[in-house]
1. Using θ = phi - 60° and the Karplus form 6.51 cos²θ - 1.76 cosθ + 1.60, what ³J(HN,Hα) does each residue of segment 48-58 get, whole Hz, x for Gly and Pro?
2. Note the angle between two axes, namely the Cα long axis of helix 4-28 and the longest principal axis of the Cα atoms of the chain, as a number of degrees from 0 to 90, rounded to the nearest 10.
3. Given the whole protein assembly as supplied and a 1.4 Å probe, what does the accessible area of E15 come to in Å², nearest 10?
4. Per residue and in Å³, how big is the convex hull formed by the alpha-carbon atoms of the chain?
5. Where in segment 52-77 is the amide nitrogen less than 14 Å from a point lying 7 Å along the Cα-to-Cβ axis of A11?
6. Quickly work out the E40-to-F21 label distance, labels modelled 7 Å from Cα along the C-beta direction, and quote it in nm with one decimal.
7. Hey, got the dipole for the chain? About the Cα centre, +1 on K and R Cβ, -1 on D and E Cβ, debye to the nearest 20?
8. I'd like to know which of L10, V52, F21 lies farthest towards the positive end of the charge dipole of the chain, counting +1 on Cβ of Lys and Arg and -1 on Cβ of Asp and Glu.
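The values are calculated or read from the model by the stated rules, or taken from the named source; none is laboratory data. As the structure is a prediction and not an experimental result, all values here were calculated from the model. Glycine gets a Cβ as well: all are built from the backbone with ideal geometry, and neighbour counts include every protein chain shown. Calculation scope for accessible area: heavy atoms of the full protein, side chains included, ligands and nucleic acids excluded. Shrake-Rupley method; radii C 1.70, N 1.55, O 1.52, S 1.80 Å.
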Amino acid sequence: MMTPWHALKLALAGEERALAFFTSVVETTKNPEIRKMAEEFVEEEAEHVNLVHRLLRRYPEPPDSWSQDPDPPAAQE
């Protein structure tokens with residue numbers, strides 16, 4: 001069970017990991033072709049990070065009680 005905010009936080013973590021990965025490739029590769037490709041991916045992942053941040057502003061963090069179910073499932077025997 002999750003809210004849109006939770007899903008966006010998961011997406012943000014993935015996009016930030018991808019950004020960090022491609023940034024490290026840019027900083028460490030000696031191959032100019034790989035560097036060029038990684039630089040393109042850095043730009044793309046940075047756009048994704050910014051997009052998720054914008055979406056998070058539309059979906060505020062839910063209160064701590066967000067997962068309380070007022071109608072829990074009944075046990076079936």
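1. 5, 4, 4, 4, 5, 4, 5, 5, 4, 5, 7
2. Tilt relative to the chain: about 20 degrees.
3. 50 Å²
4. Taking the convex hull of the Cα positions in the chain, it is 128 Å³ per residue.
5. Output list for this probe position: 52-60.
6. In this crude spin-label approximation the distance works out to 1.7 nm.
7. That gives a dipole near 260 debye.
8. F21
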